[in-house]
Amino acid sequence: MTQVLRGVAVSAGRCAAPVARMAAAVAEPAPAPALDESKREAAAAAIVAASQQVQQDLLAAAASVSGTAAEILTVTSTMATDPALVSSATTKVTDDGESPERAVWLAADALAEQLAALGGNLAERATDVRDVRSRIVAHLTGVPGPGVPRRDEPFVLVAEDLAPADTATLDPASVLAIVTSGGGPTSHTSILARSLGIPCIVATIGADDLVDGQVIAVDGGSGEVHVEPDAELIERFSLEISLPEALTEPGRTKDGHAVALLANIGNPDGADAAAQAGAEGVGLFRTEFCFLGRETAPSVEEQVAQYGKVLEAFPGKKVVIRTLDAGADKPLPFVTADDEPNPALGVRGLRTSWDRPDVLEDQLQAIAQAAKAAEADVHVMAPMVATVAETETFVDACARHGIGQAGIMIEIPASALRARDLLKVASFASIGTNDLTQYAMASDRELASLASLSTPWQPAVLDLIAAACDGAARHGRPVGVCGEAAADPALAAVLVGLGVASLSMTPRSLPAVGAILATVELDECRALAEVARDASSADEARAAVRDRIPALEEWAL
Ligand code: PEP
Ligand code: MG
């Protein structure tokens with residue numbers, strides 16, 4: 001009988017294909033006896049040749065992708081033949097008799113340390129140096145290079161987890177699905193897989209035992225991996241079921257109840273992609289992504305330019321700009337401390353304005369200025385709001401800048417439970433289910449070992465969402481969802497049943513969510529919400545809801 005592995009489903013879709021495992025990390029070459037003088041010149045030449053080959057490989061990879069991925073790969077390629085690296089390595093061979101692979105390792109380590117000590121943008125280059133170091137050493141020793149493997153046929157990528165540089169080279173035409181043993185539903189891998197539309201299962205128990213070439217059938221909707229499936233299952237999982245690339249109509253249920261389908265973006269490039277995907281607007285603009293790692297606060301002018309580009313992509317449409325959500329996994333050194341014992345529970349989100357009100361003031365001024373020059377319907381919201389007092393301070397600050405649509409994110413159980421007080425003051429709320437789940441379940445959203453707890457299908461999380469919607473409804477205020485939950489088509493129907501008015505997600509998920517919503521009536525959504533809240537576990541809630549939405553099977557979602 002086929003063995004079935006289970007993990008956390010993070011990106012829907014099905015496929016059957018052979019496994020290709022990520023190559024193991026390249027190990028540090030062991031010290032060896034000094035090379036004979038007669039062999040040193042050839043060994044030094046091998047370093048030069050290997051570094052040139054790595055540069056060419058990276059440039060070829062850059063040519064096969066576009067946008068940020070191409071930029072990352074082109075920048076990394078220049079490091080492969082960096083004169084400081086190559087000459088330091090060849091000198092270690094000619095003068096000290098080191099083996100070429102060990103010489104490259106030592107030279108790159110020294111260079112990476114120097115760069116790291118310089119801080120700022122140069123420190124980031126240290127990662128590039130270590131990346132090219134592994135690639136050159138792999139060439140010299142004949143072991144598989146690091147990164148995503150290349151195969152003639154499409155495959156399922158199986159890994160412990162993926163690093164940001166690996167993900168830059170993912171090609172959806174050859175990587176049909178991703179299965180990892182690590183990672184959580186809101187990890188980097190999950191977010192990227194969803195944004196590329198690649199079926200993905202994380203925290204899969206038993207994935208480390210899968211071997212290269214073994215055929216598996218992956219169901220990114222249910223979180224199941226069938227190992228060596230029979231011919232019938234392979235055929236079923238290989239059927240080409242393609243949803244449209246973009247939303248073609250506004251979101252609504254089968255009986256016409258409107259549910260705005262909006263996009264989550266992190267920078268102006270994302271705004272263009274979201275507009276092309278047919279998003280009805282932007283439900284979450286994560287402004288902190290424009291300034292990550294910066295030591296000093298951006299000027300008002302710089303912010304006006306960035307926000308203005310986003311607003312331009314959505315004339316006449318709603319754009320929700322979130323003020324800087326700094327802290328925890330998104331440090332902005334100009335407002336966050338780096339010595340807190342529990343950064344996720346620390347001075348983050350709106351709390352950073354307690355010490356630095358000037359940063360919030362500048363941002364509101366920039367938003368107001370950009371809004372004046374654009375035709376978009378600008379809304380502003382604050383992240384990590386817990387109390388009425390914080391809500392009042394924020395709404396007042398927005399009003400001083402002429403911003404009438406001032407909202408809050410509901411990401412803390414306290415604000416979900418007391419939404420009836422907070423929404424008396426704020427004009428709207430958007431539920432951040434990633435953090436709301438993390439705080440409700442006391443489970444770090446970055447930790448793979450807690451992935452079974454960190455899912456918004458937890459009935460306790462659904463109860464909190466229901467409380468937030470009920471509290472807001474008392475004042476006739478709209479509530480949206482902009483956490484990853486909104487991108488799960490089955491959960492989207494539950495959220496609508498709980499009273500959510502808009503769903504904001506990675507643009508890639510818009511067609512799937514739109515297609516499923518169009519098959520269920522509002523009353524059915526309400527019934528699904530009850531079924532989910534009545535369940536005694538997240539798995540039970542998910543399975544019961546999925547069973548009741550036949551279109552999921554039809555679209556292989
Ligand atoms: C969330 O917490 O769900 C959210 C949308 O905010 P972020 O993922 O940026 O923390
Ligand atoms: Mg959040």
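The values are calculated or read from the model by the stated rules, or taken from the named source; none is laboratory data. Because the structure is predicted, anything quoted here is derived from the model rather than measured. Note that each Cβ is placed from the backbone with ideal geometry, even for glycine, and that neighbours are counted across all protein chains shown. All accessible areas refer to the heavy atoms of the entire protein, side chains included, with ligands and DNA or RNA removed. Shrake-Rupley method; radii C 1.70, N 1.55, O 1.52, S 1.80 Å.
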Which numbered condition residue 426 fails, given (1) within 16 Å of ligand 2 (Cβ to nearest atom); (2) crowded, with 24+ Cβ neighbours inside 10 Å
(1)
Matching strands (runs of 3 or more DSSP E) fully within segment 1-116 where at least 3 residues are on the phi > 0 side of the Ramachandran plot:
none
Within segment 275-295, work out how many residues are more than 18 Å from residue 501 (Cβ to Cβ), part of a loop (DSSP other than H, G, I, E, B) and more than 13 Å from ligand 1 (Cβ to nearest atom).
6
Identity of the residue in segment 386-423, over 16 Å from residue 324 (Cα atoms) and open to solvent by less than 10 Å² (accessible area, probe 1.4 Å), that ends up farthest from ligand 1 (Cβ to nearest atom)
423
Answer yes or no as to whether residue 387 is out of contact with any strand residue (DSSP E or B) (no Cβ under 9 Å at 6 or more places or on another chain), hydroxyl-bearing (Ser, Thr, Tyr), in the same structural domain as residue 289 (by TED's automatic domain parsing) and more than 16 Å from ligand 2 (Cβ to nearest atom).
yes
Of 218, 211, which residue is assigned to a loop (DSSP other than H, G, I, E, B) and in contact with a strand residue (DSSP E or B) (Cβ under 7 Å, 6 or more places away or on another chain)?
211
Selection from segment 396-418 of residues that are in contact with a Phe, Trp or Tyr (Cβ under 9 Å, 6 or more places away or on another chain) and more than 16 Å from ligand 2 (Cβ to nearest atom)
405, 406
Residues being open to solvent by 70 Å² or more (accessible area, probe 1.4 Å), over 17 Å from the mean Cα position of the chain (by Cα) and away from ligand 2 (no atom under 14 Å from the Cβ) - total across segment 320-347
4
Can you pull out the residues in segment 176-217 that are of a type outside the set (Val, Ile, Thr), open to solvent by 10 Å² or more (accessible area, probe 1.4 Å), within 25 Å of residue 242 (Cα to Cα) and over 16 Å from the mean Cα position of the chain (by Cα)?
176
Among the candidates 271, 376, single out the residue that is more than 13 Å from ligand 1 (Cβ to nearest atom), modelled with pLDDT under 95 and surrounded by 19 or more Cβ atoms within 10 Å (Cβ to Cβ).
271
Only residues that are modelled with pLDDT under 95 and touching a Phe, Trp or Tyr at 6+ places or on another chain (Cβ under 8 Å): list them for segment 490-528, please.
512
Taking residue 361 as meeting all but one of (1) part of a helix (DSSP H, G or I); (2) out of contact with any Lys or Arg (no Cβ under 9 Å at 6 or more places or on another chain); (3) charged (D, E, K, R), write down the number of the exception.
(2)
Criterion violated by residue 173 - all others in (1) surrounded by 22 or more Cβ atoms within 10 Å (Cβ to Cβ); (2) out of contact with any helix residue (DSSP H, G or I) (no Cβ under 6 Å at 6 or more places or on another chain); (3) modelled with pLDDT under 90 satisfied
(1)
Does residue 356 count as open to solvent by 10 Å² or more (accessible area, probe 1.4 Å), within 22 Å of residue 311 (Cα to Cα) and not polar (S, T, N, Q)?
no
Filtering segment 97-156 down to residues that are among the charged types (D, E, K, R), at pLDDT 90 or above and touching a helix residue (DSSP H, G or I) at 6+ places or on another chain (Cβ under 7 Å) yields 98, 101, 133, 135
Just checking, how many residues over segment 459-492 are more than 24 Å from residue 319 (Cβ to Cβ) and charged (D, E, K, R)?
3
Residue 154: touching a strand residue (DSSP E or B) at 6+ places or on another chain (Cβ under 6 Å) and within 16 Å of ligand 2 (Cβ to nearest atom), yes or no?
no
Taking residue 383 as the residue in question, decide whether it is surrounded by fewer than 20 Cβ atoms within 10 Å (Cβ to Cβ) and in contact (Cβ under 8 Å) with a residue 60 or more places away in the chain.
no
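This table checks each residue for (1) under 30 Å from residue 317 (Cβ atoms); (2) free of Cβ contacts under 8 Å to residues at least 12 places away in the same chain.
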residue	(1), (2)
234	no, no
240	no, yes
243	yes, no
253	yes, no
With 460, 467, 541, 551 as the choices, which residue is in contact (Cβ under 8 Å) with a residue 60 or more places away in the chain and more than 16 Å from ligand 2 (Cβ to nearest atom)?
541
